[in-house]
Amino acid sequence: MTIALQIFLAFGSVVVLLGLMTVVQRVARKHSISAELQRKLVHIGTGLYALTLPWLFPDRWPVYMLVGLTLLVMLVLRLPKVSSTGIGSTLHGVDRQSYGDMFLAIAVGLCLFLADDQLYLYVLPIAVLTLADAAAALAGTTYGSRFFKVEDGQKSLEGCVVFFAVTLVLSMLCLMVMTTFDPVNIILLSLMVAGFGTLVEAVSWRGFDNLFLPLGILVFLASHGGREVQDLVALAALFAATLIGFRTISPIIGLTNHAGRVYVTTVFLLLAVTSFHNAMLPISVFLAHAWSRTINPGDSAFPDLDIVAGVVLLSLFWLTLGNATGWNAVSFYGITAMGLSMGFCGIALGVKPLPARILGAIGVILGLCLLRYISLNLNDGVRNWSGPMWSVAFINLSLISMTTLTAPHLFRRFRVTKLIAMSLLTPLASYCISTNFEGLL
């Protein structure tokens, strides 16, 4: 297929999306279809079309161009006049705030990129997002009678059951057709994907499930698809232990039931896809955040959900960057997590007298350096290719600690966003210099 034809197909795909939304809007007006059902019809149509992309385009770059064009269109559809009365109302006619349309487009691009030539890692996550998510939403709104709270809304147990069942069927079909896994492994993996996916769907908010769900399934399968049966059983036990552990400590550290379930999902995924010693620093971010939220709270209505979203997006950023360049980014990710933990601890210490701030900061820095020392000594040469980078870590910790200890009030609003930006600055610059921008330009 020629380059010109692929570009034409990319632009044509956007036209198809707008055409679908127009048809749904007209049918909805004629038959008084609810805003939620309109969203799901567009969601299903878009997802089914996305499943064809690996075969529709011989190259990957037109798909990434299509994702970029789609994001631009989604931004235009969020304009007040278009979102309320134009075709954008098919996506934004619901009362709650959601970024699901944007996250769906991003998820398609990231899943295709991370899946590489293992197409089941693309097809299964997108199929679950398209079919299981829509089936659960429609079942919940139509037959739901038992509900639980999520952020400022609610979800139904009936919807979760439907999601689990549909995901289980999709997983078994996809893994049987597209992989050479043993039957027992397929059954165990399908059960774990269905269980994990159901929890992700149940705890997601503001459309984040459109991003977290497919990427969570992809990362899980990429890490454990080829594991032995006993390893999968041990992983299931780890998930159960994580769930029980957080149910125990959530009330102690002041987490809501919803936030506790979100923490369980995130921590389990961290432990499932990387070694425990590499997960220690990211997990320390949650502990530091809980401390700062208790001692010196910010203005966010849902701070616990903010930090989970921030850590997940940060993890996906480093994962994608490492895959794009071919240079493992685990060590740089760890330095970023060190900075983020230091930032939250600095905000908590910022309300204390100066001597307590200094002693507390020294203690936190020593503790974070100990965790990094353990991680460095247990990692292999592939992960430590850039060396220990203690100078980068100390520069990052110094800049963040000085800022948060002396001016904690600056982080009252948009706390997570500001701290992530600060924590990324030094390790990202170091990564670009260390790789000589290879794979980035």
Among Phe317, Phe332, Phe344: highest mean-square fluctuation, GNM of the chain, C-alpha pairs under 10 Å: Phe317
³J(HN,Hα) computed for each position of the range 340-349 - Karplus, 6.51 cos²θ - 1.76 cosθ + 1.60, integer Hz, glycine/proline x: 5, 4, 4, x, 5, 5, x, 5, 5, 6
Whole-Hz ³J(HN,Hα) from phi, Karplus 6.51 cos²θ - 1.76 cosθ + 1.60, for the range 269-278, glycine and proline x: 5, 4, 6, 6, 9, 8, 5, 4, 5, 7
Virtual spin-label span in nm between Leu75 and Ile358, 7 Å along Cα→Cβ: 4.7 nm
Global form of the range 352-397, assessed from the alpha-carbon gyration tensor, a/c cut-off 1.5: prolate
For the chain, calculated [θ]222 nm from helices alone, where every DSSP H run of n ≥ 4 adds -39500 (n - 2.57): -25500 deg cm²/dmol
Extension reserve of the Asp116-Tyr373 stretch, reckoned as 0.36 nm per residue once the Cα distance is removed: 89.2 nm
Packing rank of 360-370, 131-141, 228-238, 289-299, where each peptide gets the mean count of other beta carbons within 10 Å, highest leading: 131-141, 289-299, 360-370, 228-238
Burial ordering of Tyr431, Tyr120, fewest other beta-carbon atoms within 10 Å first: Tyr120, Tyr431
Pair Ser398, Thr417: separation of 7 Å Cα→Cβ label points (nm): 3.0 nm
Virtual paramagnetic centre 7 Å along Cα→Cβ of Leu173, amide N under 15 Å, in the range 117-144: 123-136
Phi-based couplings in Hz for the range 416-421 (Karplus 6.51, -1.76, 1.60; Gly and Pro marked x): 5, 4, 5, 5, 5, 4
Arg29-Leu51 FRET efficiency (beta carbon distance; Förster radius 35 Å; 0.05 resolution): 0.75
Dipole magnitude of the chain, debye to nearest 20 (Cβ charges: Lys/Arg +1, Asp/Glu -1, about Cα centre): 1240 debye
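Hey, with R₀ at 35 Å, roughly what FRET efficiency would Phe8 and Asp299 work out to, going by the Cβ-Cβ distance, to 0.05? All intermediate terms of the calculation are to be shown ahead of the outcome.
On the way: r = 48 Å, r/R0 = 1.37.
About 0.15, to the nearest 0.05.
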Calculated Cα extents along the principal axes in Å (choose from (1) 109, 44, 42; (2) 77, 55, 49; (3) 70, 45, 42), label: (3)
Whole-number percent relative contact order across the chain, with pairs defined as alpha carbons under 8 Å at least 6 apart: 12 percent
Mean Cβ neighbour count within 10 Å, used as a protection proxy, ranking 403-413, 38-48 highest first: 38-48, 403-413
Residue order, fewest to most surrounding Cβ atoms within 10 angstrom, among Met102, Met342, Met178: Met178, Met102, Met342
Fully extended contour minus Cα-Cα distance, from Trp385 to Ala234, at 0.36 nm per residue: 51.3 nm
Leading residue at positive end of dipole, the chain (Cβ point charges), from Asn278, Val264, Ser300: Ser300
Gaussian network model of the chain, springs between alpha carbon atoms under 10 Å - residue of Ser331, Ser32, Ser171 with greatest fluctuation: Ser32
Sites Trp61 and Leu18 - FRET efficiency at Förster radius 30 Å, r taken between beta-carbons, to 0.05: 0.85
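Assuming a ≥ b ≥ c are the square roots of the Cα gyration tensor eigenvalues, decide whether the range 274-441 counts as rounded (a/c under 1.5), prolate (otherwise, with a/b larger than b/c) or oblate.
The shape class here is prolate.
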The chain: angle of helix 35-51 to the longest principal axis, Cα-based, in degrees nearest 10: 90 degrees
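Every number here is computed from the coordinates shown, using simple stated rules; none is lab data. Fair warning: this is a prediction, and the values are worked out from it, not measured in the lab. No Cβ is skipped: glycine too gets one built from the backbone with ideal geometry, and neighbour counts run over all protein chains shown.
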